[in-house]
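**Q** The structure under discussion is supplied below as structure tokens; questions concerning it will follow.
The values are calculated or read from the model by the stated rules, or taken from the named source; none is laboratory data. None of the values given here were measured: they were computed from a predicted structure. Note: ideal-geometry Cβ built from the backbone for every residue, glycine included; neighbour counts use all protein chains shown. For accessibility, only protein heavy atoms count, side chains too; no ligands or nucleic acids. Shrake-Rupley method; radii C 1.70, N 1.55, O 1.52, S 1.80 Å.
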Amino acid sequence: MKKIILSLFVLLSLSSFTQEKYQVEVEPAVKLNQSILLDYNSQIEKEVSRIYSKEEMFGMMNKMMNGFSATSDIKNDKNQMKELMESFFGEDYFSKMLDTMYKYYKIDIEKIDYINENKAYVKVKLGFPVNTDEMSIDKIFERSGEMMDKMDKAFKKKTGKTMEEYSKSISENDEKAMKKYFKIVSEIQIEMMNQELERITKNGKYVGRKEILEANKKNGKWVIENPNFGY
């Protein structure tokens, strides 16, 4: 039996989750008036926002990393590397880096499909700015050289010296000077990451995946519990 696709009027009246509208489908046996549907959509939007919140996404990233580093030796190496990086660049280095990445993460609801009055499937499209035109080996080497030159110029602007000149001017035993050096480097890295992601975003270059979430109405509220992302 074909599903009932809501009219354009209803779609236009929905409070949009992102700048683009999503499709809503309702099984013929499901009786929902417009005001109830608007309320249900709003509840599901909030659940999707919760599922893909920064905290939840970072948790998923950790699960992915743990999946790739299954052995205890690799996990220990990963933890040691993280601790080493934080000792150089500061304890907030990773959080700032992830904050910058999340700012450009794109989350769109494509469709909500109401199967019955208590169950719906939500199709979500996730995207992250990546310029696939620059993924060849030649382009990667070319871009890495450009980025290093850009970093060196930014470093000189902040300190009056190139990175090489600055590192030669301080002693490796001077902990305070070394921390200052790496702090400046980390700040430039975050700034450059933000600029690069902004550039790719403006070009509309995104890669990603689609997820189908199951939403259920429990105690009068729509919830998405234990989504399985395959990680």
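**Q** Tell me yes or no: at least one residue of the stretch 130-152 is in contact with a strand residue (DSSP E or B) (Cβ under 6 Å, 6 or more places away or on another chain) and modelled with pLDDT under 85.
**A** Yes, the conditions are met somewhere in the stretch 130-152.
**Q** Suppose the filter is more than 30 Å from ALA120 (Cβ to Cβ), exposed (fewer than 13 other Cβ atoms within 10 Å of the Cβ) and among the basic types (Lys, Arg); does ARG143 pass it?
**A** No: the conditions fail for ARG143.
**Q** Filter the stretch 106-140 down to residues that are under 21 Å from the mean Cα position of the chain (by Cα), surrounded by 12 or more Cβ atoms within 10 Å (Cβ to Cβ) and either closer than 30 Å to VAL30 by Cα or not aromatic (Phe, Trp, Tyr) (or both), then give me how many there are.
**A** Result for the stretch 106-140: 16.
**Q** To continue, here is another question. Restricting to the stretch 197-213, what's the tally of residues that are open to solvent by 30 Å² or more (accessible area, probe 1.4 Å), more than 30 Å from VAL223 (Cβ to Cβ) and touching a residue at least 12 places away in the same chain (Cβ under 8 Å)?
**A** Qualifying residue count for the region: 4.
**Q** Something else about it: List every residue pair whose Cβ atoms sit under 8 Å apart, with the two residues 6 or more apart in sequence or on different chains, where the first one lies in the stretch 31-42 and is closer than 14 Å to VAL223 by Cβ and the second, anywhere, is at pLDDT below 90 and open to solvent by less than 60 Å² (accessible area, probe 1.4 Å).
**A** TYR40/LEU32
**Q** In this structure, is GLU214 closer than 30 Å to ILE44 by Cβ and modelled with pLDDT of 85 or more?
**A** For GLU214, the condition - closer than 30 Å to ILE44 by Cβ and modelled with pLDDT of 85 or more - is met.
**Q** Ok, one more. Could you grab me the full set of residues in the stretch 168-196 that are surrounded by 14 or more Cβ atoms within 10 Å (Cβ to Cβ) and of a type in the set (S, T, N, Q)?
**A** Within the stretch 168-196, SER186, GLN189, ASN194 meet the criteria.
**Q** Still on this structure: Tell me whether the stretch 156-167 contains one or more residues that are open to solvent by 40 Å² or more (accessible area, probe 1.4 Å) and aromatic (Phe, Trp, Tyr).
**A** Scanning the stretch 156-167 turns up no residue that is open to solvent by 40 Å² or more (accessible area, probe 1.4 Å) and aromatic (Phe, Trp, Tyr).
**Q** If you check MET64 against the conditions, is it touching a helix residue (DSSP H, G or I) at 6+ places or on another chain (Cβ under 9 Å), open to solvent by less than 70 Å² (accessible area, probe 1.4 Å), under 21 Å from MET97 (Cα atoms) and at pLDDT 50 or above?
**A** no
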